[in-house]
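Notes follow the structure.
Bear in mind that the values in this text are calculations on the coordinates, not laboratory data. The model shown is predicted, which means the values in this text are computed figures rather than measured ones. Methodologically, a virtual Cβ is constructed for each residue, glycine included, from the backbone with ideal geometry; neighbour enumeration extends over all protein chains shown.
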Amino acid sequence: MKNFLLILFLSLSIISVNAQVYCTPSYTGYGIDIAGAGRMPYATSFTHIYKVQFGDINFTNFQPSWYTTIPPYQNQTAVPTIPTACVRGNSYPLTIQLGNGANQQTLSIWVDFNGNKTFETSERIMFQNDPANIGTHTFSTTVNFPANAALGIIRMRCATKFGVNATLDPCVNNDPATPNGGNNWSQQFIDFAINVVAAQPQIFLSSTTTQTILDDVVKGSVNNQVIGIEVLTNSNGSLNPLTVGDINFSSIGTTNPNEIGKARLFYTGLKPTFDTLTPVGN
């Protein structure tokens with residue numbers, strides 16, 4: 001009997017799969033005049049994002065002038081080092097301020113709630129016109145995270161563009177325009193990272209009394225901020241929320257307690273700044 005050696009040749013085909021990534025806004029606009037450099041694709045004092053406050057994100061851009069510019073796209077996903085945590089099903093305040101150099105502009109903000117690395121029309125959480133030379137150019141909204149939002153790191157993209165009701169594409173910051181009459185020379189996009197987490201039972205960690213305002217109180221004025229109570233819990237603790245029992249105040253240290261007309265307590269929730277929208281108790 002003869003022995004046969006069976007040799008099996010396997011043909012392996014390697015299939016490469018390109019992982020989906022967030023688009024980087026391309027710029028094909030005409031740009032602005034930079035001394036000695038010609039037309040360059042930069043945002044200017046006329047149209048740019050100045051401040052963004054959301055959770056642990058406290059971003060401030062420098063104020064550019066005509067010859068000191070900022071890029072039309074800024075990736076801030078590494079700042080802070082640990083992305084701000086947001087819990088599925090919860091809502092969080094967002095405040096954004098635009099730089100306005102006597103220009104009308106349009107603001108749009110997207111949050112990639114489903115985590116597919118695409119900013120869809122349904123994920124746009126703000127569309128706001130900012131008129132020239134009116135108000136503080138500051139806008140606020142509430143970001144509502146769906147109960148089925150993707151867990152893990154996602155992005156929020158903020159964008160502003162010259163003009164009223166301007167159409168903003170989250171991936172392309174340009175606009176058909178002529179060199180001397182176009183509005184694509186003044187736009188900006190900024191990305192921020194958000195860590196979406198599942199809800200957990202709330203746990204008390206610590207509390208701190210703060211005093212950030214040390215100015216004298218003007219006689220007859222009302223609702224002057226005196227002290228604050230900052231309560232720290234686990235960032236994803238929205239199940240079985242804790243309740244506050246008694247809060248005791250003392251006027252010890254006050255030089256003349258009789259000059260106090262009324263003391264009031266206000267609750268600001270997740271908002272880090274003092275306001276008088278929600279009074280507590282009598």
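Taking amide H as placed 1.01 Å from N in the peptide plane, the amide H of Ala85 sits under 5 Å from that of Asp56, Asn195, each at least 5 places away or on another chain. If each of Val226 and Thr243 carries a label point 7 Å out from its Cα toward its Cβ, how far apart are those two points in nm? Here the answer is 2.7 nm between the modelled labels.
The alpha carbon centroids of the stretch 220-252 and the stretch 56-132 are separated by 29 Å. For Thr95 and Thr254, a Förster radius of 45 Å and the Cβ-Cβ distance give a FRET efficiency of 0.85, rounded to the nearest 0.05.
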